[in-house]
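A short reminder: the numbers here are calculations on the coordinates, not readings from a lab. What you see is a predicted model, and the numbers here were worked out from it, not measured in a lab. All Cβ positions, glycine included, derive from the backbone under ideal geometry; neighbour counts span all protein chains shown.
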Amino acid sequence: MFRLILRRILRNNFAIMGLFFILCIFIVAVIAPYIALYDPYKINVYKVLEPPSKEHPFGTDELGRDVFSRVIYGARVSIKVGFLAMGIAIATGTLLGAVAGYYGGFIDTVIMRFVDVMLAFPALFLILAVVAVLEPNIYIIMIVIGLTGWMDVARLVRAEVLSLKEREFVLAARAIGAGSGRIIFKHILPNAIYPVIVAATFSVGGAILIESGLSFLGLGIQPPEPSWGGILSVGKDYITVAWWMSLFPGVAIFLTVLSFNLLGEALRDALDPKHWAED
Amino acid sequence: MISVISYGDFDKLNNMLSYLIKRFLLMIPILFGITLICFVVINLAPGSPATFQEELSPKASPEAVEALKKLYGLDRPLHERYLNWLRMVITMDLGKSFVDGRPVKEKIKERLPITVTLNLLSLLFILSVAIPIGVYSALKPGSIFDRALTVFVFTGFSVPTFWLALLAMIVFGVNLGWLPISGIQSIGVETMPLYERIIDWIKHLILPVTIMSFAGFAGMSRYTRSSMLEVLRQDYIRTARAKGLPERVVIVKHALRNALLPVVTLLGLALPGLIGGSVIFESIFSIPGMGQLFYSSAMARDYPTIMGILIIGAMLTLLGNLLADITYFVIDPRIRVRKNV
């Protein structure tokens, strides 16, 4: 089964490109100190706002720091925020969705109304409000992005659980006296895992987009820590004289998010039996 | 056939009324939940708004801080403060801004029209571009146009729109110098004749509205495409073709109308994203709307304004969803109220 899925993913050229780029970003993030040309925090007043050159492939910023090295280090922030925010969103959504779907009735109503309430907020407003009230740092940003992004997963898991909980194998488990927790986690959720994996892949990209937006607004990762959105934020002030600050970090965000979206799309095709009949 | 209103219409009207009532009743707990979350968010703050004002003026005496706390009711227990605040919100009194002491309601009121106008313009723009694109590529699945759409959709979903805004500013504002890159009117616009003023206004809006719509194009055209493909597979389309109707009539009258139904719902769902995005676009393009006000309030930790805009934003979303649902109900002949909502 696993090999079948893998083959389906590998047949998709876009997915391979996406997977390859995600791997690259991962490696770059891990070995950043070894491939960065300069210390990303090193200020050099003699080399302020230099255009791209051999020594500085992406140019330098308003404090003479090497933009290439800062973009490399920025990958660490994006990957960290992307994955941890996704983890929080998926865990919250899966748990609430499974509980709502399994128990039904009043619990279901309360949880689903809570989902409606959360969906009513323009997401960025809610995130900004929390980040503004608390001092923004990378952990608060992860948690906030995660806790405002679980609603779709909850709906999805709930729907899966609703359809699974009346199936024979669940009834059988109940008949032999398995507890609710065991039924949910051991019998139902493993069967609902595929759509969750797809949603998780997309949500990494989504979280990276939100983080970069927050950092761009100055309410995300705080300087001098390098982040892609943060470099763009400063780049905006020098937009007429230093296009390189506005170009490269944006390309990095775009390619990273695109890779996760391509992979997510390929996973959706590979994991959803509905698509299998087509080839 | 002579009577203008058939029994079916009465049924539908009846259904519609009971649906609307149900829909409104459902909004009450959600509105309540919205206020609760707003209140929780603001009270996450370490320290109180009074200590923040203390930071601003460190010379404030302990008595003054006490007085401030009393003024904002911060000496009361939490649930009492929530109920007090809820009472204020219900009467649409959103308190006074910490920054300039003006009523939050007034501040929002003067900013809201700009944001709503921008969002409506970009919704219109999204619809007028995305629907033809989606329909066309559904008619020719697998064609070059259709493939190009797929690429475009992925770009739209993956590109950080604020970065796109920066690039557009560099190209069209700085390099080519075609369009202004900030504000919604030029300096000295008051002295211009009316038509020049309108042109000035349009020029200022082209970049923000286009960029705001970008992500929407992708989502909407993809959605229209798959909805149209779904409808084209239906039996009634085959029937219409079998009757010998011209292809144009089949597509426009039979397929398109049904394919666009779910698009209405998507419009409602797209609203929170659009409104939320206004924070980013309004601060990039220096547009004095509600998003920019929210941004500056967040930076200044102006709690009453933050709370006010949070609530208004959520209510706008609810209103948008309600309108979408009602529209759906009105235009879809098949819909019947489900007994258990």
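Between A:ARG11 and A:GLU168, what's the calculated FRET efficiency when r is the beta-carbon distance and R0 is 30 Å? Round to 0.05. It comes out at approximately 0.35.
Taking 7 Å steps out from each Cα toward its Cβ at A:SER180 and B:THR265 produces label points 2.9 nm apart. In the stretch A:16-113 the Cα-Cα distances spread across 10 Å bins starting at 0 as 15, 27, 21, 15, 11, 9, 2 percent of all pairs. Here's how it looks for B:SER286: its modeled amide H is under 5 Å from those of B:GLY183, which are all 5 or more places away or on a different chain. Of the complete DSSP H runs in chain A, those spanning 27 angstrom or more by Cα along the long axis with a mean Kyte-Doolittle score not below -0.5 are A:67-103, A:193-217, A:243-271. Converting the Cα gyration tensor eigenvalues of the protein assembly as shown into ellipsoid dimensions via √(5λ) gives semi-axes, longest first, of 39, 33, 30 Å.
The simple spin-label model puts a point 7 Å past each Cα toward its Cβ; for B:MET16 and B:ARG238 those points are separated by 3.4 nm. Given a cut-off of 23 Å, name the pairs among A:LYS236/B:LYS203; A:LYS54/A:LYS80; A:LYS165/B:LYS22; A:LYS236/B:LYS105 whose C-alpha atoms lie farther apart than that in the structure shown. Result: A:LYS54/A:LYS80; A:LYS165/B:LYS22; A:LYS236/B:LYS105 exceed 23 Å.
Distance between the modelled labels on A:ARG3 and B:MET92, one decimal in nanometres: 6.8 nm (7 Å Cα→Cβ projection).
As a proxy for reagent exposure, ranking B:TYR223, A:TYR34 by other Cβ atoms within 10 Å from fewest up yields A:TYR34, B:TYR223. In order along the stretch B:252-257, the phi-based Karplus estimate (6.51 cos²θ - 1.76 cosθ + 1.60, θ = phi - 60°) of 3J(HN,Hα) comes to 6, 7, 9, 7, 4, 4 Hz; Gly and Pro are listed as x. Largest mean-square fluctuation among A:PHE125, A:PHE216, A:PHE202, in a Gaussian network model of chain A whose springs join Cα atoms under 10 Å apart, belongs to A:PHE125.
Hey, with R₀ at 35 Å, roughly what FRET efficiency would B:ARG147 and B:LEU124 work out to, going by the Cβ-Cβ distance, to 0.05? The computed FRET efficiency comes out at 0.80.
If amide H atoms are built 1.01 Å from N in the plane of the peptide, which residues on other chains or at least 5 residues away come under 5 Å of the amide H of B:LYS96? Here the answer is B:VAL104, since their amide H atoms fall under 5 Å of that of B:LYS96.
Do me a favour and compute the ellipsoid semi-axes for the stretch A:217-268 from its Cα gyration tensor, root of five times each eigenvalue, largest one first, whole Å.
26, 14, 7
Scanning residues 5 or more positions from A:TYR38 or on other chains, those with amide H under 5 Å from its amide H are A:SER69, with H placed 1.01 Å from N in the peptide plane. The calculated Kirkwood hydrodynamic radius for chain A is 20.7 Å, given to one decimal from all distinct C-alpha pairs. Between the beta carbons of A:LEU134 and B:HIS79, assuming R0 = 30 Å, the FRET efficiency works out to 0.85 to the nearest 0.05. Taken over the C-alpha atoms, the stretch A:60-215 has Rg and Dmax values of 19.1, 70 angstrom. Of A:TRP228, A:TRP243, A:TRP150, B:TRP201, the sequence from fewest to most neighbouring Cβ atoms within 10 angstrom is B:TRP201, A:TRP243, A:TRP150, A:TRP228. Would you compute the Debye intensity of the stretch A:152-279 from its alpha-carbon atoms alone, equal scatterers and no solvent, and pass along log10 I(q)/I(0) at q = 0.15, 0.23 Å⁻¹ to two decimals? Calculated log10 I(q)/I(0) at the listed q: -0.81, -1.22. Taking chain A as a Gaussian network of alpha-carbon nodes connected by springs under 10 Å, the highest mean-square fluctuation of the residues A:LEU147, A:LEU262, A:LEU119 belongs to A:LEU119.
Shown for A:ILE208, B:ILE42, B:ILE326: other C-beta atoms within 10 Å of each C-beta, ranked fewest to most, produce the order B:ILE326, B:ILE42, A:ILE208.
Taking Lys and Arg as +1 and Asp and Glu as -1, the other residues whose beta-carbon sits under 9 Å from that of B:LEU149 total +2. Each Lys or Arg adds one and each Asp or Glu subtracts one; over the other residues with Cβ under 15 Å from the Cβ of B:VAL104, this totals +2. Over all distinct Cα-Cα pairs of the stretch B:205-341, the Kirkwood formula returns a hydrodynamic radius of 17.8 Å.
Once the Cα-Cα distance is subtracted from the 0.36 nm per residue extended length, the B:LEU112 to B:ILE326 segment shows a gain of 74.7 nm. Only helical runs count toward this figure. For the protein assembly as shown, summing -39,500 (n - 2.57) over DSSP H runs of n ≥ 4 and dividing by all residues gives -23500 deg cm²/dmol at 222 nm.
Restricting the calculation to Cα atoms, every distinct pair contributes to the Kirkwood radius of the stretch A:1-42, found to be 12.4 Å.
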